[in-house]
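None of the figures in this text is laboratory data; all of them are computed from the coordinates on show. From a predicted model like this one, the values you see are computed outputs, not experimental measurements. Neighbour counts are summed over all protein chains in view; Cβ atoms, including those assigned to glycine, are modelled from backbone coordinates with ideal geometry.
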Amino acid sequence: MLPGVIYKGRQQSEHVNGEATVTDMRYEAPETLDAAVGLLSSESGVAKVFAGGTDVMVQIHLDMIEPDLIVDVKNIAEMREVVEEDGAWRFGAAVTGKELMDHAGFNAAWPGVMDGVRLIGSVQVRGRATVGGNLCNASPAADSVPPMIAADAVASVIGPDGRREIPMADIVTGPGQTSLKDGEIVVSFQLPKRPPHSGDAYLRFTPRTEMDIAVVGCGVNLTVDPDGTCTAARVALGAVAARPLLVEDAARALIGTKLDDDAMAALAAAASAACSPIDDKRGTIEYRTEVAGVLAQRAASIALERAKS
Amino acid sequence: MAKQYVNTTINGDTHELLCDPTQTLLDVLRDQLDMTGTKEGCGTGDCGACSVTMDGVLVCSCLVMGVEANGKSIETIEGMADGDELHPLQRKFIDHVALQCGICTPGLLVASKALLEENPDPTEEEIRYWLAGNLCRCTGYHKVIEAVQDAAREMRGA
Amino acid sequence: MGRAPSPFATKIPYEEKNLKIIGSNPTARGDAVDKVTGRARYAADIKLPGQLIGRVLRSPHARANILSIDTSEAEALPGVKAVVCRDDFPDMEVEHAASGELMVNFRDVTRNMMARENVLYDGHPVAAVAATSDAIARKALKLIKVEYEVLPHVIDVRDAMKPDAPILHEDQFTKGVDPKPEKPSNIAARMESKLGDTVKGFAEADIIIEREFNTKPVHQGYIEPQASIANYTEGGIAEVWTGTQGHFVFRAQIAKLLKMDLSKVKVIPTELGGGFGGKNNVYLEPLAVVLSKKSNRPVKMVMDRDEVFRATGPTSGTNVKVKMGCTKDGRITAAEAELNYQSGAYAGSSLPLATITVFTRYDLENVSVVGHDVTTNRPKVAAYRAPGAPMVAFGVETVVDEMARECGMDPIDFRLKNAAKEGTQTHFGPKLGPIGYIQTLERAKAHPHMKEKLGPNQGRGVATGFWFTLGAETSATVNIGEDGTATLIFGTVDVTGGSRSAFAMIVAEELGIPFEKVRTMSGDTSALGFNFMTAGSRGTAAGSMAAVTASRKAIARMCEIAARKWEVEPDQVVWEDGRARPAGANVGDFEPMTVAELAKEASWFGGTIAGHAEINVAQGGPGFGTHVVDVEVDRRTGAVKILRYTLIQDAGKAVYPEFIEGQFQGGAVQGIGTALNEEYIYNDKGVLENPGFLDYRVPVASDVPFINTEIVEVPNPDHPYGIRGIGEVPIIPPLPAIANAIHDAVGIRLRDHPMSPPKVLKALKDQMIEDAAAQGTAAE
């Protein structure tokens, strides 16, 4: 048998070495985007794009999904690159959290995005998890998504009909749902070149210090002019609605101000007003709504510190 | 058959295996290779008892597919000691009574080793946050942190 | 608790002596190297040739009648070698036995391990299969067709006690009520315990405080899921390797449940990956045995993590009412408590134990405790480290804190004024012997922790705890080898890893030989006399009594050998410093003989050298602890951060001090987890929503600081080395100590467990509203 070549055969109740196998699941690791798209679109059963596996493997273990085909995208070069082009950054959807954390340049440019990435799971999980997976798993509580929305990131997507760009905020449409069409894969994320005096931050609330899913998450990205007045802002919330939210009212509360007490109060009010959370095992409606405002203020303060330094 | 050929290096030894895509790396280690030092505590990446390193990166083996080990280099608890000579972390865990029932110990040791390779002089807070992915129910973490601090000192100073 | 202690129980009086080995901290632990290299074998690590994998089908409903079970499609799946359900297990009559600190009823045990008429909780086993692979076993479960008639369920203990609650057992009439009730009830039993006259006591009080508390169930959270391998041989012997805290008790239960002779069941305890009381009950073992019998192959069964949460034994959820009265100078005059404890699907919670511990830190004249054991649609509860105690401590220790403040007294001084001590009469029977409670309070007061300054939104809380030490049947054997080494075969399970080293130290001390010359081995059920469960903090305390007894018998044997060799009377030979010597110069001028020399000659002089102990150790040696915790509360999110933690506990004489500290720290952190974030969350269908470590939130390393510990040593007078049990006390005070600290920090009293951020925040907001209203009225 040759290494790396997948031998396909009958699926059910095959006997090998005296042991019966009942697996229906196949594994492919294509090396090009076209091959990956081809595999996904020609699969009649359930196909899953597989990068870090930190959501897919859990869902298989808990019997929530039964994929027929796993398409491992980690051998596709474009999905694994981190590239700076003239101050603007692009990183592949299958770059791991650890790889991003180890990238000094990206960390310096987007500390708020990295606040989110740093909070995904544990060190072990971050050794595998990817922003692409964090996004496409489409949990409203995903930690990397609010700061990426705040950063105005754009996803580059490939599918059977070719390439297209989708703003980060438009990808998750509901819990476990995305706007991606059948056969589409998020390839990379593009973050814009930032004006000087810009800073971003992400904070989340969890009952423990680590390892929890966010009860509330807030990403703030802002720019100030040399005298400290906010000239641009984006505020995004996670875990307080069916999908991560870009809250334009919250941004408006900051723009034109120096983030004084009145502006901060308006920020918190706008953040809380944007929430339409649920009561679940992780938090109540009342709690999430209240804490969304608190985190928005705290994240804005950090972003401001970073913008000024 | 749906099984795939996997050629992988574990603790420096080469293994050629046939793996089903439904097997996790943890399943392969424990059930196929009889390397039971790596433990299953939850199967969902929440407890860290299954920690190994893969190409030098600390991961939960319950979240890695067995077939992904092809062409990779895996390090488990069984590779930590050098023959009869225990790794300083292993020695310090014993010296400091940083283990009681011991079920979480392999995962903690693999994770601590990965920490000290990346950061040879961690603060108490850095150790605690790095090890947040490894649950322990017996020790309250106190003596674990002391053991890691002591091992780090020895590995730096010695 | 459990069974009545035997009047013939063994006590060996404490002897103060110069210790050479005990109290040192040996690094050559018997278990440690295997554990740090991954070679230690836990149950799931064992593989038998030809083994099948077994899995359990579990009810998705909280309560339902089982109308039919059709296993035919599962049986037909290639690779499936056996399927079992209720038809494969005999029914059991009502019969009670002790299993650790709780009692079991075999009629219920068989139903808990395999449902018969109905299912009573989400996760209740309904069938099991054994197949050639895990994947096939899982597929087979999906092919089993069970017809359920879903019925209304009840989860909360207060709801279950209401007259219109769905009744789990039509044949359950509340025991302890006279006359016997006519209607069945979820209240399985009512208990009462009284001392003196509380009506009079309250009349004498200047201050009376009455409060109600509610706690959710928590789980032991051991990192090793249950795992068992059974091999039913063609000769009709069942060999079972399993993770258990008591292999002899498990053997007895397996034999009973499967109607087999005891002698045909052998249980081998594997290295245990955490128990804390949760591995005092059989779950998989009988299923694995029957699957093995049916399939003629060994069967290995390992639980998934969600099965552990859904279908092993969490603690009781409780409703506790506490009423206490004191004079204005701080003397408690009366104490009452009503304890409503849910036991899960079948009766038998930790209520009797809670009743014992509720007020036992205080010297009281007038006490009344009433309790109810209540069945609800959750898994049958199991013991969890001081079962029942944290919940009542939550009530009593916070009410004591309130009373202290009302009196203007420091919370430690208030406790000192009322402290239990030697001679204190408890309300449940015995008088307390020498204890270290006051010492722990005084050391806490003097501890440097008390001098640390507290900043804004920071507060300090104190709470104390009490637990007894179980005795019970304990057997051990000391074998002396011809090379002068000794082997101790012990029959308790070394649940923490440290007991075996403590035993080795004790045997070495008794025999007078180096620690390194003593080897300890766990004996399976065929190797020793009966050993009760390792529970009730008895592992080292009782196990060491048997080790001492066995050592002294071996010594007596060695003296006998020397006497025969020297042709003197046995009482003319003494044992000193590892040698047999003539008792005096008048006996004769004989060279002292070492263990090795005696062992070499033993066979000529009558046989080999061994010492056996088969004793029932007296219960006793209660332990007391005082905890101090500093917290910081984030007023805007309700997050509580533990800044500093100190605990001081009476361990009797400390055999292995570093290990004892480790136990203190581990128990305290479990208590912190209980206090802040751990709870069982059920949805409105009675299904458990958080059966995993993601949403069942045990503390991680970054959640807790270093835990300062101090050991107080008041020797247990009934133990030769003064040892007390220590494992359970540490988990009791954290919940109330943190509650008291939160009050000290931000002025709110939380009585609803866990004290998670949403509850803290809500309480802060309610307080703000109250304060504003009060100011409003004040201004008028």
Helix A:285-308: inclination vs chain A longest Cα principal axis, degrees, rounded to 10, gives 70
Taking segment A:143-291, how much of its Cα-Cα pair set, in percent, is spaced more than 20 angstrom apart?
52
Ratio of Rg to Rh over chain C (Cα coordinates, Kirkwood Rh, two decimals):
1.00
Scaled by the rule-of-thumb 2.2 N^0.38 Å, the alpha carbon Rg for segment B:4-79 gives a ratio of 0.95
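What ranking of C:GLU182, C:GLU422 emerges when the number of other C-beta atoms within 10 Å of each C-beta is taken as an exposure proxy, fewest first?
Working: C:GLU182 6, C:GLU422 13.
Least crowded to most crowded, the residues run C:GLU182, C:GLU422.
Compute the whole-percent fraction of alpha carbon pairs in segment C:71-131 spaced more than 12 Å apart. Don't jump to the answer; show the numbers that get you there.
Details: 1284 of 1830 pairs.
Within segment C:71-131, distances greater than 12 Å cover 70 percent of Cα pairs.
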Any idea what the dipole of chain C comes to, in debye rounded to 20, about its Cα centre with Lys/Arg Cβ at +1 and Asp/Glu Cβ at -1?
1120
First select every other residue whose beta carbon is under 13 angstrom from the beta carbon of C:LYS139; then total the charges, Lys and Arg +1, Asp and Glu -1.
-3
Within segment C:336-485, percent of DSSP bridges classed antiparallel, to nearest 5
20
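Pop the C-beta distance of C:ILE237 and C:LYS641 into the FRET formula with R0 = 56 Å and round what comes out to the nearest 0.05.
Working: r = 55 Å, r/R0 = 0.99.
It comes to 0.50.
Percent relative contact order of segment A:198-308, based on C-alpha pairs within less than 8 angstrom and at least six residues apart?
Values: 243 pairs, mean separation 36.0, N = 111.
Once normalised by length, the contact order is 32 percent.
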Please give the Cα centre distance for segment C:500-537 versus segment C:412-454, rounded to the nearest Å.
33
Any idea how far the Cα center of segment B:49-82 sits from the one of segment A:167-198, in Å?
31
Segment C:542-578: which GluC sites (Glu not before Pro) are DSSP loop and have at most 14 other beta-carbon atoms within 10 angstrom?
C:GLU567
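Explain nothing, just the number: relative contact order of chain A, from Cα pairs under 8 Å at least 6 residues apart, as a whole percent. Don't skip to the end; give the middle numbers.
On the way: 711 pairs, mean separation 45.3, N = 309.
Averaging sequence separation for qualifying contacts and normalising by length gives 15 percent for chain A.
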Would you work out the Kirkwood radius for segment C:689-764? I mean one over the mean of 1/r across all pairs of different Cα atoms, in Å.
16.0
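State the percent of C-alpha pairs, over all pairs in the protein assembly as shown, separated by a distance greater than 46 angstrom.
Values: 294173 of 776881 pairs.
I get 38 percent for the Cα pairs in the protein assembly as shown exceeding 46 Å.
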Projected onto their principal axes, the Cα atoms of chain B stretch, largest extent first, over whole-Å spans of 51, 30, 24
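Stick to Cα atoms and the Kirkwood definition of Rh, then tell me Rg/Rh for segment A:77-191.
On the way: Rg = 13.1 Å, Rh = 14.0 Å.
Computed over Cα atoms, the ratio is 0.93.
Report the semi-axes of the equivalent ellipsoid for segment C:468-530 in whole Å, largest first, where each axis is √(5λ) for an eigenvalue λ of the Cα gyration tensor.
Numbers: eigenvalues 83, 40, 21 Å².
Here the semi-axes work out to 20, 14, 10 Å.
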Assigned charges on the beta-carbon of Lys, Arg, Asp, Glu; segment C:1-137 dipole about Cα centre (debye):
660
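Projected area of chain A, taken from the Cα convex hull and averaged over every viewing direction, in nm²? Don't skip to the answer; put the middle values down first.
Numbers: hull surface 70.4 nm².
It is 17.6 nm².
Stretch C:ASP752-C:ARG405 to full length: gain in nm at 0.36 nm per residue minus the Cα-Cα span?
On the way: separation 347, 0.36 × 347 = 124.92 nm, distance 2.10 nm.
Contour length minus the Cα-Cα distance gives 122.8 nm.
Need one word for segment C:207-276: rounded, prolate or oblate. Basis is the Cα gyration tensor (sqrt eigenvalues a ≥ b ≥ c); a/c below 1.5 gives rounded, then a/b vs b/c decides. Could the numbers behind the result be given before it?
Numbers: a/c = 4.12, a/b = 2.40, b/c = 1.72.
Prolate.
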Rg in Å to one decimal, and Dmax rounded to a whole Å, for segment C:348-416 via C-alpha atoms:
14.6, 45
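State the volume of the convex hull built on the alpha-carbon positions of segment C:400-440, expressed per residue in Å³ and rounded to an integer. Intermediate values should be presented prior to the final figure.
Numbers: hull volume 3.0 nm³, N = 41.
Spelled out: Cα convex hull of segment C:400-440, divided by residues, is 73 Å³.
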Where the eigenvalues come from the Cα gyration tensor of segment B:88-156, what are the semi-axes √(5λ) of the equivalent ellipsoid, largest first, in whole Å?
17, 13, 10
For the pair B:GLU125/C:LYS328, report the inter-label distance in nm, with labels modelled 7 Å from Cα in the Cβ direction.
4.9
What are the semi-axes of the equivalent ellipsoid for segment A:204-303, taken as the square roots of 5 times the Cα gyration tensor eigenvalues, largest first, in whole Å?
25, 13, 11
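Under the rule of -39500 (n - 2.57) per DSSP H run of 4 or more residues, summed and divided by the residues of chain B, what mean residue ellipticity at 222 nm is obtained, to the nearest 500 deg cm²/dmol? Could the numbers behind the result be given before it?
Numbers: 4 runs with 45 residues, N = 158.
It lands at -8500 deg cm²/dmol.
Okay, helix-only estimate at 222 nm for chain A: each DSSP H run of n ≥ 4 adds -39500 (n - 2.57), divide by all residues, round to 500 deg cm²/dmol; what do you get?
Mean residue ellipticity, 222 nm, calculated: -8500 deg cm²/dmol.
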Given the DSSP H assignment, sum -39500 (n - 2.57) over each helix run of at least 4 residues in chain C and divide by its residue total; what's the result at 222 nm in deg cm²/dmol, nearest 500?
-8500 deg cm²/dmol
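Which whole-number percentage describes the relative contact order of chain C, with Cα contacts under 8 Å and a sequence gap of 6 or more? Show your work: numbers first, answer last.
On the way: 2001 pairs, mean separation 124.6, N = 780.
After rounding, I find 16 percent.
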With everything on Cα atoms, drop me the angle between helix B:142-157 and the longest principal axis of chain B, reported from 0 to 90° to the nearest 10.
90
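Taking the Kirkwood radius as the inverse of the mean 1/r across Cα pairs, report the Rg/Rh of segment C:144-186. Working shown, then result.
On the way: Rg = 13.4 Å, Rh = 12.1 Å.
Taking Rh as the inverse mean 1/r over Cα pairs, Rg/Rh reads 1.10.
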State the antiparallel share, in %, of DSSP beta bridges confined to chain C, rounding to the nearest 5.
75
Inter-part gap, Cα centre of segment C:190-233 to Cα centre of segment A:99-153, in whole angstrom, is 45
